[in-house]
Amino acid sequence: MNSVKILAINPSPTEISKAVRISNNLHKKHGPFDGIFFLGDVITEDGSLPEELDEPVASIFHFEGVRKYEGSEKSKLKFMKQCGILRLASGIRVGYVSGKLDDIESDMEKVFANQFLDILVTYQWPTTIAKEEKLSLVGDSRLNDLLEWTRPRYWFCVGSNNGRFFERLPFKWDDDRVTRFISLGQQGTQDKWYYAFNLNLDPLMDKEGVSKFGEKPQIQQKEAPVEIESRKRKLEGPEVRVKREKKNVAPENCFFCVSNAKAELHMIISIADYSYMTVAKGPLTTRDKLGFSGHGLIIPIGHYPTFSKYRDAEEPDKKVEETKLFKEIEQYQKSVVSMFTSLGDYKVVFWEISRANAIHHHIQFVPLEAKLEEHFETQMKKQIAYNQKKYGSNLVYTKDMESEKLSQLINNGDYMQIRIVGPDSETKYVFELIEDNVDLQFPRRVLAFLMKLGRRVIWDKCRETLLEEASQKDVFREKFQPFDFSKEKNNNK
Ligand SMILES: [Zn+2]
């Protein structure tokens, strides 16, 4: 064993039982975790304790936060008092400092001086880092010495009652140790609120130091994400018939896994319980009409290639359509349709390609001017004929497939589905996929020509800068706000 897996979560004190369930699920899917840490407070402002918790499948440690917690004998979580060092089974050393710092200020040196740590958990940030970010409210200068004393490989904190997501560029000490500093947002907010990672048992394996602490870190050009679409794109054009070798992409490298450190968090519009929604990379539609592209994706949170694989693993006694995931995604789709309808005479085109040997399922959508719908099928037929001539593919579709047959397909087969949905209308075009070589860009191609956006067929050529992507997300989120059921739910709880 060279490394262990660790999970850090900033739970909402009113949602502790859900946080435990999520931890258990993540443990099953991405674990086993050597330790799970609940940061911040686990008791609510009125002092009440979590109740009715599922049994944690791995040890969950929590700390005092800023609200006084005396510990409870009944608790299924492991309470670590204000200040100390915990050693996990693997030997990983975890230091923690929480609660009112006045009470422990004098102990801190005794406990931590020259105690190098693998992980350090605090509530506030040290002001040395808070100042770099010009954030004075999240910092406490009494934590500053800890950095030098413990040189933690990971420092986790929350900063404030509602948490604040921030990840500093890693920095290197003169002995080549590397420190990463991560502050998490709170469960139920749009910020990243949990962090799962591999920790090498040997600290010198942490190589990615980019600057010495105190030096201004150089902003690195963000590495191109390991993106599934770019692999898929190789199948375009003449290579479309090349037999695809099955790629095993683990959640750590999966572009659609939110738990992955590489996930593009600046693009996320909304996160619900089983799925989330983001703006698209290299959007097909432009900002011209609505002020934002409107091209988005709805993605299951779990790393499953299809709905049916999710069902098999998570809700095996049900049909796909009855699963919580499927229902929640339907809810997202409804909200998206309501949103675009409120912005003008629009329908929404949703498309998905579901194949057992895919990587992580997702559904894409764009707004479609309602008047274009009548030309859709003709355009699609043209494209089918073109693909047949050019690649010898044989795409056959059924319009408004009978529901029992569609259910069969969704539960057992590979399919491509394109749906045009309005507030009270829905037309489905369903393709049963039998061959392995599928033109994954087919729906985009049809829509591009339908909307006279032929120059935007290839998503990679439509890539935007990080700032543009973030701004697409901001506008989308603002418009989506009134329709975002996940948000509503979070606020009401
Ligand atoms: Zn994934």
The listed residue being outside any strand (DSSP E or B), among the aromatic types (Phe, Trp, Tyr) and surrounded by 20 or more Cβ atoms within 10 Å (Cβ to Cβ), out of Phe376, Phe340, Phe365, Phe350: Phe340
Does the stretch 318-331 contain any residue that is part of a loop (DSSP other than H, G, I, E, B), within 16 Å of the ligand (Cβ to nearest atom) and out of contact with any strand residue (DSSP E or B) (no Cβ under 6 Å at 6 or more places or on another chain)? no
From the list Ala263, Ala313, exactly one residue is within 15 Å of the ligand (Cβ to nearest atom), open to solvent by 20 Å² or more (accessible area, probe 1.4 Å) and of a type in the set (Gly, Ala, Ser). Which is it? Ala313
Look at the stretch 271-300 and say how many of its residues are out of contact with any helix residue (DSSP H, G or I) (no Cβ under 7 Å at 6 or more places or on another chain) and either open to solvent by 40 Å² or more (accessible area, probe 1.4 Å) or over 19 Å from Lys473 (Cβ atoms) (or both). 3
Hits in the stretch 316-329 (condition: open to solvent by 60 Å² or more (accessible area, probe 1.4 Å), modelled with pLDDT of 95 or more and farther than 17 Å from Leu409 by Cβ): Lys324, Lys327
Do you know which of the residues in the stretch 60-78 that are touching a strand residue (DSSP E or B) at 6+ places or on another chain (Cβ under 6 Å) and modelled with pLDDT of 85 or more is most open to solvent (accessible area, probe 1.4 Å)? Lys78
Within the stretch 271-287, is there a residue that is within 13 Å of the ligand (Cβ to nearest atom), under 13 Å from Gln333 (Cα atoms) and of a type in the set (Phe, Trp, Tyr)? yes
Need pairs with beta-carbon distance below 7 Å; first residue under 19 Å from Phe449 (Cα atoms) and within the stretch 386-401, second loosely packed, with under 12 Cβ neighbours inside 10 Å and not aliphatic (A, V, I, L, M); sequence gap 6+ or separate chains. Gln388/Asn394
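The values are calculated or read from the model by the stated rules, or taken from the named source; none is laboratory data. Note that the structure is a prediction, hence the values are computed from the model and not measured. Neighbour counts are summed over all protein chains in view; Cβ atoms, including those assigned to glycine, are modelled from backbone coordinates with ideal geometry. Quick note on the areas: whole protein, heavy atoms, side chains included, nothing else; ligands and nucleic acids left out. Shrake-Rupley method; radii C 1.70, N 1.55, O 1.52, S 1.80 Å.
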